[in-house]
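Engineer: Here's a structure for you.
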Amino acid sequence: MALQSFIEVKPDSHFSIHNLPYGVFKPQPDSSPRPGVAIGDYVLDLSEIAKAGLFNGPILKDSDCFLQPNLNKLLALGKPAWKDARATLQRLLSSTEATLRDNANLRQKALVPMGKVEMILPIAIGDYTDFFSSMHHAKNCGTIFRGPQNPVPPNWFHLPIAYHGRASSIVISGTDIIRPRGQGPPSGNSPPPFGPSQKLDFELEMAAVVGPGNELGKPIDVNQAADHIFGVVLMNDWSARDIQAWEYVPLGPFLGKSFGTTISPWIVTLDALEPFACDAPKQDPQPLPYLAEKISKNYDISLEVQIKPAGQQDSCVVTRSNFKHLYWTLTQQLAHHTINGCNLRPGDLLGTGTISGPEPDSLGCLLELTWNGTKQLSLNGTTRKFLEDGDEVIFTGFCKGNGYCVGFGTCSGKILPSAP
Ligand code: MN
């Protein structure tokens with residue numbers, strides 16, 4: 001019989017005992033932030049579990065990593081500590097273990113209804129990098145901007161392309177996004193137009209959370225790269241396509257991206273995703289030896305984007321994609337990032353890039369869905385080319401097991417009008 005928790009978890013809940021994703025929360029508005037894991041409709045307060053002395057393995061016994069306002073200390077401890085924590089928590093939450101189940105006082109302190117807590121950013125993010133790893137997305141963008149002849153530049157098949165993003169504007173799901181203002185492409189000899197972005201978009205992405213880093217000058221081997229990844233979140237890399245189109249030559253994205261990036265509050269660990277591992281697409285040409293992996297792994301994670309149009313009650317699905325469509329794997333991205341000697345640090349965030357699938361209803365941004373605003377997308381009786389003020393964008397993602405789910409919850413944000 002499958003592992004069961006003494007806490008009731010509905011079969012379609014994202015937060016089964018097989019998941020146990022990590023976040024940071026405040027049980028009351030004035031409480032200090034502390035780490036927790038999600039289980040059913042509850043958050044288990046790990047500071048209470050630590051104070052009760054229940055993390056008693058050799059690494060975690062004397063660690064104060066669960067008494068911190070973020071997860072960076074746990075991330076730095078690496079895989080043996082993560083495995084130990086997961087085993088302890090699965091045991092404590094299982095239906096057959098009495099320690100927590102039969103201790104009313106501890107349950108009262110440590111299990112908080114999820115509806116009551118405030119989730120905050122779970123990690124202190126030093127650096128954020130955004131890759132461009134979906135071939136379908138790269139092909140579509142290339143076709144839109146440069147035409148159908150050779151839409152994907154020749155370097156794309158040899159290296160996971162990326163740019164350095166802005167860590168300071170990464171926000172937690174539920175945070176409003178103010179429409180950015182900026183310059184757009186001029187028409188003819190006119191000066192560039194300036195004002196609120198007219199082409200505000202979402203990008204359906206996921207992002208890897210870096211665990212132990214590497215020393216400056218010492219690259220991480222691609223076959224060891226998985227040991228440096230704690231887990232994965234949903235990520236919306238909001239994009240102002242007009243600002244981006246005008247500014248991006250020759251140095252790449254800047255103000256068209258750095259006004260806001262939203263992540264989901266729960267980090268799903270690679271251990272929880274392991275049962276959903278699948279083969280990554282075959283790479284042709286063969287990657288260079290430093291990117292050639294013994295096992296090239298993706299994960300079967302169903303992804304969905306909904307838009308709740310301004311003023312409406314109901315949201316509408318606009319795309320369904322899957323993490324498994326990525327061409328470059330998370331481990332190749334991480335190894336490539338360090339091959340020049342660049343050092344990663346615990347809590348760094350590596351975005352995958354927009355995850356588009358091969359089908360017209362699996363495209364990961366409005367740029368592709370409306371072909372840069374040349375066609376309308378219909379939603380609940382209204383239409384959109386790009387996002388309007390008051391629109392809310394909601395991502396979700398999950399893996400379906402046999403009678404249980406390993407899910408990411410949601411990653412959402414609403415557009416507010418530009419500052420005057
Ligand atoms: Mn992006």
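The values are calculated or read from the model by the stated rules, or taken from the named source; none is laboratory data. Since this is a predicted model, take the numbers as computed values, not measurements. A quick note on method: Cβ atoms are made from the backbone with ideal geometry, for glycine too, and the neighbour counts reach across all protein chains shown. The protein model used for the area step is the full one, side chains on, heavy atoms only, and it has no ligands, DNA or RNA in it. Shrake-Rupley method; radii C 1.70, N 1.55, O 1.52, S 1.80 Å.
Engineer: Does at least one position in segment 264-273 carry a residue that is within 16 Å of the ligand (Cβ to nearest atom) and under 21 Å from Ser169 (Cβ atoms)?
Structural biologist: Yes, some residue in segment 264-273 is within 16 Å of the ligand (Cβ to nearest atom) and under 21 Å from Ser169 (Cβ atoms).
Engineer: For Asp130, all conditions in the list (1) out of contact with any helix residue (DSSP H, G or I) (no Cβ under 8 Å at 6 or more places or on another chain); (2) more than 16 Å from the ligand (Cβ to nearest atom) hold save one; what is the number of the exception?
Structural biologist: (2)
Engineer: Filter segment 129-151 down to the residues that are of a type in the set (Val, Ile, Thr) and open to solvent by 20 Å² or more (accessible area, probe 1.4 Å) and list them by number.
Structural biologist: Thr143, Ile144 - these are the residues of segment 129-151 that are of a type in the set (Val, Ile, Thr) and open to solvent by 20 Å² or more (accessible area, probe 1.4 Å).
Engineer: Just checking: which of the strands (runs of 3 or more DSSP E) contained wholly in segment 255-357 hold 3 or more residues that are closer than 18 Å to Asp221 by Cβ and touching a helix residue (DSSP H, G or I) at 6+ places or on another chain (Cβ under 7 Å)?
Structural biologist: In segment 255-357, there are no strands (runs of 3 or more DSSP E) which contain 3 or more residues that are closer than 18 Å to Asp221 by Cβ and touching a helix residue (DSSP H, G or I) at 6+ places or on another chain (Cβ under 7 Å).
Engineer: Hey, any hits in segment 323-342 for a residue that's open to solvent by 40 Å² or more (accessible area, probe 1.4 Å) and within 16 Å of the ligand (Cβ to nearest atom)?
Structural biologist: yes
Engineer: If the Cβ limit is 6 Å and pairs must be 6+ apart or interchain, which residue in segment 251-264 that is modelled with pLDDT of 95 or more pairs with which residue that is away from the ligand (no atom under 11 Å from the Cβ) and part of a loop (DSSP other than H, G, I, E, B)?
Structural biologist: Partner pairs satisfying both residue conditions: Ser258/Arg166; Ser258/Ser169; Phe259/Pro180; Gly260/Ser169; Thr262/Ser173; Ser264/Ser173.
Engineer: Consider segment 368-417. How many of its residues are touching a helix residue (DSSP H, G or I) at 6+ places or on another chain (Cβ under 6 Å) and of a type outside the set (Asp, Glu)?
Structural biologist: Residues of segment 368-417 that are touching a helix residue (DSSP H, G or I) at 6+ places or on another chain (Cβ under 6 Å), as a first pass: 368, 372, 377, 386, 399, 406.
Okay, now just the ones that are also of a type outside the set (Asp, Glu), so 372, 377, 386, 399, 406.
Residues in segment 368-417 being touching a helix residue (DSSP H, G or I) at 6+ places or on another chain (Cβ under 6 Å) and of a type outside the set (Asp, Glu): 5 in total.
Engineer: Of everything in segment 216-248, what is part of a helix (DSSP H, G or I) and under 23 Å from the mean Cα position of the chain (by Cα)? Give them in sequence order.
Structural biologist: Within segment 216-248, Val222, Asn223, Gln224, Ala225, Ala226, Asp227, His228, Arg241, Gln244 qualify.
Engineer: Of the numbered conditions (1) in contact with a helix residue (DSSP H, G or I) (Cβ under 6 Å, 6 or more places away or on another chain); (2) in contact (Cβ under 8 Å) with a residue 24 or more places away in the chain, Ser47 fails exactly one; give the number of that condition.
Structural biologist: (2)
Engineer: From the list Ser315, Ser258, exactly one residue is within 16 Å of the ligand (Cβ to nearest atom) and open to solvent by 20 Å² or more (accessible area, probe 1.4 Å). Which is it?
Structural biologist: Ser258
Engineer: Is it the case that segment 261-278 has a residue that's open to solvent by 60 Å² or more (accessible area, probe 1.4 Å) and more than 16 Å from Glu205 (Cβ to Cβ)?
Structural biologist: yes
Engineer: Same structure, new question: Any residue in segment 206-215 that is assigned to a loop (DSSP other than H, G, I, E, B) and within 12 Å of the ligand (Cβ to nearest atom)?
Structural biologist: The initial filter retains those residues of segment 206-215 that are assigned to a loop (DSSP other than H, G, I, E, B), namely 211-215.
Within this subset, residues satisfying the condition of being within 12 Å of the ligand (Cβ to nearest atom) are none.
No - not one qualifying residue is present in segment 206-215.
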